[in-house]
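S.K.: One structure follows; several queries about it will come next.
The values are calculated or read from the model by the stated rules, or taken from the named source; none is laboratory data. All figures in this text were calculated on a predicted structure; none of them were measured in a lab. Here Cβ is always computed from backbone atoms with ideal geometry, including for glycine, and neighbour counts include all displayed protein chains.
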Amino acid sequence: MGKSHPIALRSRVVAFVEDGHSHREAPRHFRVSPRFVNNLVILKRETGSLSPRRQGHVGGGKLNAHGDWVRQRLDGELTLDELCLDLAGAVSLCIAPMWDAFCIGSG
């Protein structure tokens, strides 16, 4: 994910809009995206703050719960193909749903 814009820029953009300038004029003036301006004004209205929202998943990534399972299987000389087959045996895994030939464990 990208780095957040500095608070100084955020405050100048919001002040520009609050001074009566349009949401379309602000991006041209500060050379930012219109979406950034709109989201910033919404953030200010909802939270009263210009601090960026938290990025990423709360509590880590989507695969954190499966880390132990993968580490147990990678302790030996297991290849990636063997790991995929082991995973297919544990759950139904479809690599490309539009092509039945590439579905592992689905049938």
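S.K.: Hey, can you tell me all the residues within segment 10-41 that are within 30 Å of G61 (Cβ to Cβ) and either touching a residue at least 60 places away in the same chain (Cβ under 8 Å) or crowded, with 16+ Cβ neighbours inside 10 Å (or both)?
M.R.: Selection gives R10, V32, F36, L40.
S.K.: Specify which of the listed residues (V37, V70, V17, V13) is within 30 Å of L83 (Cβ to Cβ) and either out of contact with any strand residue (DSSP E or B) (no Cβ under 9 Å at 6 or more places or on another chain) or not acidic (D, E) (or both).
M.R.: Every option except V70 fails the conditions.
S.K.: With modelled with pLDDT of 90 or more and exposed (fewer than 12 other Cβ atoms within 10 Å of the Cβ) as the only criterion, which of G48, G107, G67, G76 stands out?
M.R.: The match here is G48.
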